[in-house]
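A.B. asks: Pasting a structure below so you can have a look.
Values in this text are rule-based calculations from the coordinates and carry no lab data. In this text the structure is predicted, and so the values were computed from the model without any measurement. So basically every Cβ, Gly included, is an ideal-geometry build from the backbone, and we count neighbours across all protein chains shown.
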Amino acid sequence: MPRVKSVKSLSKTCMDFILHDREYFCNGKINMDLVDSEEILSSPFDCLPTVLLEELVKIFRENEINKNPRKLNNNESFKLFATHHLRTLDLRHWGGNSNVLKLAALKSPHIEKLMLGYYCNRKYPGEFFSYIPKFSKLKSLDISLFGVGDDCLQLIGIYCPDLRELYAQNHDVSDDGIRSLCVTGNCKSIRLLILEGSIVTIKGIQLALTNLPELQILYHASVLDCLAEIAQSALNDKLDMPQYSLSALYIIENAIYKSQSLNLSVLLCPKVTKIHFVTWGKLTDADLLSLISLKNLKNLDIHYRRFVEPTVIDAGLTFNGSIAPLIKTLGNSLKRLSLKGSLVNVDILTIIESCPNLQSLALTVSSFRWTWSNIEEKQIKHQPVMKKLAILELYGLVNEEILLALLSSPSLAQVRLFNCSTLSDKILHEASRRHSFRNLENFQLFYCSSITKIGIDILFRDSNPIKEIHLKYCQNITDEDLIDWKKTLIEKKNWDVKISSTSFTDLWV
């Protein structure tokens, strides 16, 4: 049933008291000139276990951002959280970060995750270099927006051998920085490296691939080009193909895709489980069919935009030419499928029949480029159901029988429907009759003109764990309906459910 509002736990009550009355605990000022000595004051939170301390820091940061989204500047409060047990330090939006870093370097040397962001004071990046040796336990570091470059990567390569994740999305990082990081440096165990926005070239990409044997995620516009060059060189010289540990391949938005680069890249990356492509034309059915060799593919995410200029001939992707054969071959392994953009004639029934283990399905397309298959041509004798489907996102008009088949998954936890006038009270009631929406927590409708209060009421049964309902521009949902839900659910049943709409925003029930 929907959660009933409950009494706050003792832990939550204590946390709220601490965050509300921080001055009570800040019983002394920190002299930042003494942070390199042992004369710094101890924190009353020194004995808190890590899990509670990190929850406190998280809530404190969220509260401060809500007050002032542009900048955090409460260094006095941070001294409470700078303890030996602190493992995560998120300085995005934080002003005066040099003082915070000084304090953290002295009191929290075991930090494993450090994030520096837009609002870190940019006069201090040089000082940050002196703190890097103090954070030798780092496993995840984000320097994307801090204004540092190759010099910083050189120090990271020397002092952070345990680093597993590095986010370096800034224009000051080059091939020299990659060399200092993992060729001459000690960072050999990086598994995630985000370089988009840097000035790293194909040469730097190749250095990372060669010297990071555990690298699974490498995010940069030139990755496919680099892989294709390596594969083509091996073919030309009749050498064995090198094999890399990458688990994902990307075509990044605005990147220029070169013909055949995907076909060649797949030869080097047999462990890929995730594909994420955002592309304007160029990608063809033949390119996409090369993915059939990826027997462990779990996530397929394609945002395809077709050229519309009259002078451009765009053979492009088609559902029947590549996507249908691909999912018919690999559908059993797929967990997530997302098709967006200008794809046409997408046959949802083929997806349902081919992907029995799908957990997330998103079909979001341009209306003038989108047509649904004719369900009558399929002559369905029974409705197949994706029993594991937990997340469903649909844009556009879909046949009633297909919509019912999708909503009949007993695992549905999140549903988002846009411009779906075929969604009716009848369909919701029939889907509820089949599985009672027993796992549904989040239900969102946008511009669904046929649904009424009668249909939504089915989600408020005792068997439903619903937490949030969002109804936007659904013309048959009225203010009176929302008032009625408020009275019957808030005041009578005391349910902890959030309802929002075009009329009532953030109405808590």
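A.B. asks: Say R0 is 22 Å: what FRET efficiency, to the nearest 0.05, do LYS188 and GLU165 get from their beta-carbon distance?
C.D. replies: Calculated transfer efficiency: 0.95.
A.B. asks: Using a Debye calculation, one point per C-alpha and no hydration shell, please list log10 I(q)/I(0) for region 397-509 at q = 0.18 Å⁻¹ in order.
C.D. replies: Per q value, in the given order, log10 I(q)/I(0) is -0.87.
A.B. asks: On to the next question. For LYS107, go through the lysines and keep the ones whose alpha-carbon is under 17 Å away, minus same-chain ones fewer than eight residues off.
C.D. replies: LYS29, LYS79, LYS134, LYS137
A.B. asks: For region 119-263, count the residues as N, evaluate 2.2 N^0.38 Å, and divide the Cα radius of gyration by that value, please.
C.D. replies: 1.08
A.B. asks: Something else: Taking only C-alpha pairs under 8 Å that are 6+ residues apart, what is the relative contact order of region 397-509 in percent? Can you show the working numbers first?
C.D. replies: Numbers: 205 pairs, mean separation 24.6, N = 113.
Rounded, it is 22 percent for region 397-509.
A.B. asks: At a 10 Å Cβ-Cβ cut-off, how would you order MET386, MET15, MET241, fewest neighbours first?
C.D. replies: Values: MET386 23, MET15 17, MET241 13.
The fewest-first ordering by Cβ neighbours comes to MET241, MET15, MET386.
A.B. asks: Could you list, in their original order, any pairs among LYS472/LYS498; LYS387/LYS472; LYS340/LYS467 whose Cα atoms are separated by more than 24 Å?
C.D. replies: Over 24 Å Cα-Cα: LYS387/LYS472; LYS340/LYS467.
A.B. asks: Take every DSSP beta bridge whose two residues both sit in region 397-509, then give the antiparallel share in percent to the nearest 5.
C.D. replies: Working: 2 of 16 bridges.
Of all bridge pairs located within region 397-509, approximately 10 percent are antiparallel.
A.B. asks: Related question: Compute the length gained on full extension between ARG434 and ALA362: take 0.36 nm times their separation in residues and subtract their Cα-Cα distance, giving the result in nm to one decimal. Don't jump to the answer; show the numbers that get you there.
C.D. replies: On the way: separation 72, 0.36 × 72 = 25.92 nm, distance 2.24 nm.
Full-extension gain reported as 23.7 nm.
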